[in-house]
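Heads up, the thing below is written out as structure tokens.
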Amino acid sequence: MYAAAAASGGHPSSAGPRPAPKQAQQQPGTDPKPQWRQPHPDRKPHRYRPTTKHAEEHVYVLTLRLSDSLHGTLNALRTKYFPPERLKVPAHLTLFHALPHSEMDAIVGTAQEVAGQTPPFEVTTGRAFKLGKAGVAISPEQGTEEGAAVHAALRERWSDFLSKQDAKGFKAHWTVMNKVEDEEKVDAAFREVQDWTRERGASGQADGLVLWRYNHGQWEFERDFAFSAGRR
């Protein structure tokens, strides 16, 4: 999430797919059939695979669904700094990276339940930080407690099949640059992004969850779940 991460103006309230803007501005949940290339889960190290007894036909990623006021700004930063040949996925806040297809009934049921008990909450950008020597990311500031609570509620129910990576705590962030070998370029981007977070930043709402499916190296929208507690 971003990403876990995968993108309707204002504060949308519907769980259904929304009209999709241009591909570079999409986030999970806006288009019923978007596809984004990612490494196939079978090629990932064991710690990134679900702890199920058999190999999974598909795995899924779960992200927070964000309002366009926030998502569009972060996606523009990602588009600006990410290597074009690697820019395959929109900006996102990821909750879980590899949910197993064999547990889909439990995944959907629990996601619906937790989303129904969660009200939309404010999310703002926090500090910028480096991803080693090759990347730049931004952590959320406001919204981290609410995001962690959602993550913990889901993690408790899914503990039997989560990967080692997903069994850890909530550490979501927006990656705006990654896998860049030129350290001077990374340093320059970090300074610019750091100045932006200090002087401007961005805010919006998390209003739901989005489930994506890995399909032979592609990331496909599956469905989303609206945060609906307190709504009438």
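Throughout, read-outs are computed from the coordinates displayed, never taken from laboratory work. Quantities reported herein were computed from a predicted structural model and do not represent experimental measurements. Virtual Cβ from ideal backbone geometry, glycine too; neighbours counted across all protein chains shown.
For a test of understanding, tell me how many lysine pairs in the stretch 92-187 have Cα atoms under 24 Å apart, given they are 8 or more places apart or on different chains.
For the stretch 92-187, the number of qualifying lysine pairs is 12.
Whole-Hz Karplus ³J(HN,Hα) for the stretch 141-148, in order, using 6.51 cos²θ - 1.76 cosθ + 1.60 and θ = phi - 60°, x for Gly and Pro?
Here the 3J(HN,Hα) series is 10, 5, x, 5, 5, 5, x, 5 Hz.
In whole Hz, what ³J(HN,Hα) sequence does the stretch 193-198 give by Karplus (6.51, -1.76, 1.60; θ = phi - 60°), x for Gly and Pro?
Using θ = phi - 60°, the values come out as 5, 4, 4, 5, 5, 7 Hz.
Can you give the local net charge around GLY143? Use residues other than it whose beta-carbon is closer than 15 angstrom to its beta-carbon, Lys and Arg +1, Asp and Glu -1.
Net charge in that neighbourhood comes out at -2.
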